[in-house]
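The values are calculated or read from the model by the stated rules, or taken from the named source; none is laboratory data. Source: prediction; values computed, not measured. Heads up, the Cβs are rebuilt from the backbone with ideal geometry, glycines too, and the neighbour counts pull from every protein chain shown.
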Amino acid sequence: MDSGVFNVLLEYINVVFFTFSLILFSLFVVMGYLSSRNSIHYKNKNSFGDLSKVMASPLAPGLTIVAPAYNEGMNIVENVRSLLSLKYVNYEVMVVNDGSKDDTLQKMIDAYDLVKINQKIDPDWKSKPIRGIYKSKQESFSKLTVIDKDNGGKSDALNTGMYLSKNPYVGCIDVDCLLLPDALLHVVKAFFQRSEKRVIAVGGVIRVANSCIINGGALEEIRLPKNWLAKFQMLEYTRSFLLGRMAFGRLDGLLIISGAFGFFDREIAVACGGYDTHTVGEDMEIVFRMRKYMIENELPHTIEYIPDPLCWTEVPESVKILVNQRDRWSRGNLETLYTHKNMFFNRKYGRLGLISYPYWFFYEWLAPLLEFFGFFTIILFYYIGILNVPFFIAITALIYIFSIMFSFYAILWEVYSYNEYNRTKDILILMACAILEPFIFHPIVVFAAVRGNYKKLFKIQSGWGTITRKGFAKAT
C-alpha cells in the first residue's frame with residue numbers, strides 16, 4: 001500500500017476514535033444533566049403530602065409481592081420477615097420455592113408454622129408442577145403464602161406467583177433483597193400519581209447491603225462494604241441507578257427494571273404472556289414486551305422510577321461468582337436485543353426505538369466487545385509500528401479522567417440527595433475506587449461480557465448458573 005494512502009487511513013482512524021470519544025462524553029454529560037433534573041423534580045414533588053394514612057387503609061389497592069427462592073436457606077427467614085414488616089395493609093407475600101435442594105422450604109415451615117392447604121390448580125397450568133401451597137397457622141403471618149414447585153427457573157417461578165395472584169399489582173423481587181418498611185407506599189403512590197398515562201411498571205434503585213447490619217429482617221445500620229469487590233459494585237450501582245436509570249426515566253425511555261425490585265400492572269403483564277422462560281434476561285425482556293404491547297395498541301403509558309433507597313441486596317464478593325453473574329446478564333442482553341430487533345431505529349416506537357434501544361445496543365452490548373478486541377488491536381498496531389503513541393496516550397488519558405469525573409459526580413450526587421454514607425472516610429474510599437476501577441474492576445466486567453456473548457453465540461450455555469450467597473451480617 002502506498003505510504004501516503006496508509007497515512008491518510010491512520011489519520012482517518014484517529015479522527016473516528018476522537019469523534020466517538022466526543023460523542024460518548026456528550027451523551028454522558030447529557031445523562032448527568034437529565035438525571036439531576038429528574039432527581040430534583042422527584043424530591044420536590046414528594047416533599048409535600050403524606051399518603052401513608054391513605055395507603056395504610058384497607059381500601060388501598062391490593063398488591064402481591066412474588067419472591068422466587070432457590071437454595072436461599074442462608075437468608076430466607078430474615079428476608080421473609082422483612083417482607084412481612086412493610087407498612088401496608090392490603091398486600092400478600094408469595095414466596096415461590098423453585099425446587100430448592102437445601103433446607104429453604106423447611107426453614108420457612110419451622111419459622112412461620114406453615115401447613116399445606118388445599119387449593120385447586122388450573123389443569124392447563126403452563127408452569128412446572130406445583131407440589132403444594134402453604135399458609136401459616138398463626139394470624140400474625142396471614143399475609144404469607146408459600147408455593148412449593150418443581151424447579152423451572154426464575155421466570156417460571158415468577159409466572160407462577162403472577163398467575164396465582166388476585167391483586168391488580170404484582171411486585172417481582174429477589175428473595176434475598178430487603179425492602180425498607182415504607183417501600184410499598186412509594187410504589188403504590190408511583191402507580192397513581194399519573195392521570196394522563198397508565199403506569200404499567202415501577203422500578204427503583206438497588207443498594208448494596210454487604211456488611212450492613214440486619215436485625216429481625218430490618219436494616220439496622222448502613223455500612224460501606226468491607227469486601228473490595230463489593231465496594232466497586234456499590235460504586236457501579238450508584239452510577240448506574242442514580243444517574244443512568246434516572247436519566248432514561250426523565251426521557252420516559254426506560255427499557256429495563258431490575259429483577260431485584262420491579263412492580264407491574266398485573267393485567268398488562270399477563271396480557272403480554274408474563275415472563276419469557278426461554279431467556280436469562282427476563283427482567284429486561286418483559287419490559288420490552290410490555291412497552292411494545294402498549295405502543296402497538298396505541299395505549300398511552302409510562303414506567304415510573306423511584307430513586308429512594310428502598311431495596312437492599314447482597315452482591316457477589318468473589319470474582320468467580322461476579323463473572324458468572326455478568327456472564328448471564330450479557331447473554332440476557334443479547335437475547336432480548338435480538339428478540340426485539342425490529343425496534344432498532346424504528347420511529348414507530350418513538351424514543352424507545354430511536355434512543356433507548358440504540359443505547360442498549362451500542363453501549364451495553366457492543367462497547368465491551370469493542371474494548372476487548374480494541375485492546376489486542378492496539379498491541380498489534382504497536383508491534384507493527386503504526387500506533388500513534390502520543391495520540392493514543394492523550395485520548396486514553398482523556399477518557400480515564402472523564403470516567404473518574406463521572407464517577408465522582410455520581411458519588412457527590414448521592415451525598416447531596418440521600419447521604420446514606422455520611423462519613424468522610426467512606427466518601428474518600430469510594431473516590432479511591434473510582435480512580436482504580438478502570439484498572440481493576442472494569443476489566444473483569446468486560447471479560448465477563450465477552451465470555452457471555454461467546455457462550456450465547458456458540459450455544460455453550462443458556463441457563464442461569466449458580467450464585468452462592470454469603471448471608472447478611474446480623475446484629476449481636
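Inspect region 223-236 for any residue being among the charged types (D, E, K, R), surrounded by 23 or more Cβ atoms within 10 Å (Cβ to Cβ) and touching a helix residue (DSSP H, G or I) at 6+ places or on another chain (Cβ under 9 Å) and give the result as yes or no.
As a first pass, look at region 223-236 and keep what is among the charged types (D, E, K, R): 223, 226, 231, 236.
Cutting the leftovers down to surrounded by 23 or more Cβ atoms within 10 Å (Cβ to Cβ) gives us 231.
Filter once more, keeping what is touching a helix residue (DSSP H, G or I) at 6+ places or on another chain (Cβ under 9 Å): 231.
Checked against the condition, which is being among the charged types (D, E, K, R), surrounded by 23 or more Cβ atoms within 10 Å (Cβ to Cβ) and touching a helix residue (DSSP H, G or I) at 6+ places or on another chain (Cβ under 9 Å), region 223-236 yields at least one hit.
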Checklist entry - residue 291 versus (1) surrounded by 19 or more Cβ atoms within 10 Å (Cβ to Cβ); (2) at pLDDT below 95: which is the lone unmet condition? => result (2)
Item to check | Residue under evaluation residue 34, criteria (1) more than 30 Å from residue 159 (Cβ to Cβ); (2) modelled with pLDDT under 85, criterion not met | outcome: (2)
Item to check | The lone exception for residue 365 - which of (1) over 25 Å from residue 248 (Cβ atoms); (2) surrounded by 12 or more Cβ atoms within 10 Å (Cβ to Cβ); (3) at pLDDT below 95 it fails | outcome: (1)
Next on the checklist: If I filter region 302-314 for residues that are surrounded by fewer than 20 Cβ atoms within 10 Å (Cβ to Cβ) and of a type in the set (D, E, K, R), do I get at least one hit?
Outcome noted: yes
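For region 335-352, give me the residue count where each residue is of a type in the set (A, V, I, L, M) and either part of a loop (DSSP other than H, G, I, E, B) or under 17 Å from residue 283 (Cβ atoms) (or both). Show your work before the answer.
So the first thing to find is which residues in region 335-352 are of a type in the set (A, V, I, L, M), and the list is 337, 343, 352.
Next, from what is left, pick out any that are either part of a loop (DSSP other than H, G, I, E, B) or under 17 Å from residue 283 (Cβ atoms) (or both): 337, 352.
Qualifying residue count, region 335-352: 2.
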Item to check | Unique match (being in a helix (DSSP H, G or I) and of a type in the set (Phe, Trp, Tyr)) among 263, 248 | outcome: 248
Item to check | Condition broken by residue 290, with the remaining ones in (1) in a helix (DSSP H, G or I); (2) not assigned by TED's automatic domain parsing to the domain that holds residue 243 satisfied | outcome: (2)
Checklist entry - Of all the residues that make up region 329-375, how many are β-branched (Val, Ile, Thr) and farther than 17 Å from residue 23 by Cβ? => result 2
Checklist entry - Do you know which of the residues in region 80-103 that are among the polar types (S, T, N, Q) and under 15 Å from residue 145 (Cβ atoms) is modelled with the highest pLDDT? => result 97
Item to check | Restricting region 163-190 to residues that are over 19 Å from the mean Cα position of the chain (by Cα) and of a type in the set (A, V, I, L, M, F, W, C), the residue that is farthest from residue 279 (Cα to Cα) | outcome: 185
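Within region 80-92, how many residues are under 22 Å from residue 152 (Cα atoms) and surrounded by fewer than 24 Cβ atoms within 10 Å (Cβ to Cβ)? I'd like the intermediate steps shown before the answer.
Within region 80-92, the subset under 22 Å from residue 152 (Cα atoms) is 80.
Those still in the list that are surrounded by fewer than 24 Cβ atoms within 10 Å (Cβ to Cβ) too: none.
Selection size over region 80-92: 0.
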Item to check | Scan of region 202-224 for residues that are closer than 30 Å to residue 288 by Cβ and either basic (Lys, Arg) or free of Cβ contacts under 8 Å to residues at least 60 places away in the same chain (or both), ordered by number | outcome: 207
Next on the checklist: Testing residue 268 on (1) without any contact (Cβ under 8 Å) to a residue 40 or more places away in the chain; (2) assigned to a helix (DSSP H, G or I), one condition comes back false. Which one is that?
Outcome noted: (1)
Checklist entry - If you go through region 171-184 one residue at a time, do you hit one that is surrounded by fewer than 24 Cβ atoms within 10 Å (Cβ to Cβ), more than 23 Å from residue 240 (Cα to Cα) and modelled with pLDDT of 90 or more? => result no
Checklist entry - residue 257 is checked against (1) within 14 Å of residue 165 (Cβ to Cβ); (2) of a type in the set (A, V, I, L, M, F, W, C); (3) buried (at least 22 other Cβ atoms within 10 Å of the Cβ) and fails just one. What number does that condition carry? => result (1)
Next on the checklist: With the requirement that a residue be within 22 Å of residue 168 (Cβ to Cβ) and hydroxyl-bearing (Ser, Thr, Tyr), what does region 249-286 give you?
Outcome noted: 258, 275
Checklist outcome for this item: Residue count, region 201-239, condition farther than 21 Å from residue 35 by Cα and either in the same structural domain as residue 416 (by TED's automatic domain parsing) or outside any helix (DSSP H, G or I) (or both), comes to 19
Item to check | Qualifying residue in region 403-423 (condition: touching a strand residue (DSSP E or B) at 6+ places or on another chain (Cβ under 9 Å), within 30 Å of residue 220 (Cβ to Cβ) and either at pLDDT 95 or above or not in a helix (DSSP H, G or I) (or both)) | outcome: yes
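In region 90-175, which strands (runs of 3 or more DSSP E) lie fully inside it and hold 3 or more residues that are farther than 23 Å from residue 269 by Cα and in the same structural domain as residue 273 (by TED's automatic domain parsing)? Give the steps one after another, and end with the answer.
Numbers: elements: 91-98, 114-117, 130-136, 144-149, 169-173.
Strands (runs of 3 or more DSSP E) meeting the threshold: 114-117, 130-136.
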